[in-house]
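The values are calculated or read from the model by the stated rules, or taken from the named source; none is laboratory data. These numbers were taken from a predicted model, which means no experiment stands behind them. Virtual Cβ from ideal backbone geometry, glycine too; neighbours counted across all protein chains shown.
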Amino acid sequence: MIAYLILAHRYPNQFKKLFTAIYNPANYYLIHIDKKSGAEMQEEISEFIAEFSNTAILKSENTLWGGYSLVNAELRGIEEYGGGNLLDR
């Protein structure tokens, strides 16, 4: 089992290609979508991953490339996995 944390901020089709390429039903996937990406991208990715029971979306927050906000998103993802919230599904 591998637990993935994917940070996305634009190019939803690129995200879909990546997700499709790495997807395995034995693994877990947690997706963070930058809040600045907008509701349309949030909705498109949410609809895309809805059919996969081993995926979840991390609460969206604004991130700045190279800034602490990216580290914070990663730490929140690790906390989500570490707390068993996603892995217990």
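Here are a few things to note about the model shown:
- Among residues of the range 44-56 that are closer than 14 Å to H32 by Cα, those with a beta-carbon under 7 Å from a residue that is modelled with pLDDT under 95 and small (G, A, S) at least six positions away or on a different chain give the pairs I45/A8.
- Meets criteria (part of a helix (DSSP H, G or I), under 11 Å from the mean Cα position of the chain (by Cα) and not hydroxyl-bearing (S, T, Y)) for Q14: no
- Whichever residue in the range 51-75 is surrounded by 16 or more Cβ atoms within 10 Å (Cβ to Cβ) and assigned to a helix (DSSP H, G or I) and, among such residues, is modelled with the highest pLDDT: A73
- Filtered residues of the range 25-48 (kept if part of a helix (DSSP H, G or I) and either of a type in the set (S, T, N, Q) or touching a Gly at 6+ places or on another chain (Cβ under 8 Å) (or both)): S37, Q42, S46
- Boolean, E61 is without any contact (Cβ under 8 Å) to a residue 60 or more places away in the chain and touching a Lys or Arg at 6+ places or on another chain (Cβ under 6 Å): yes
- A search for C-beta distances below 8 Å between a residue of the range 7-29 that is free of Cβ contacts under 8 Å to residues at least 24 places away in the same chain and any residue that is surrounded by 12 or more Cβ atoms within 10 Å (Cβ to Cβ), counting only pairs 6+ apart in sequence or on different chains, returns L18/I6; I22/Y4.
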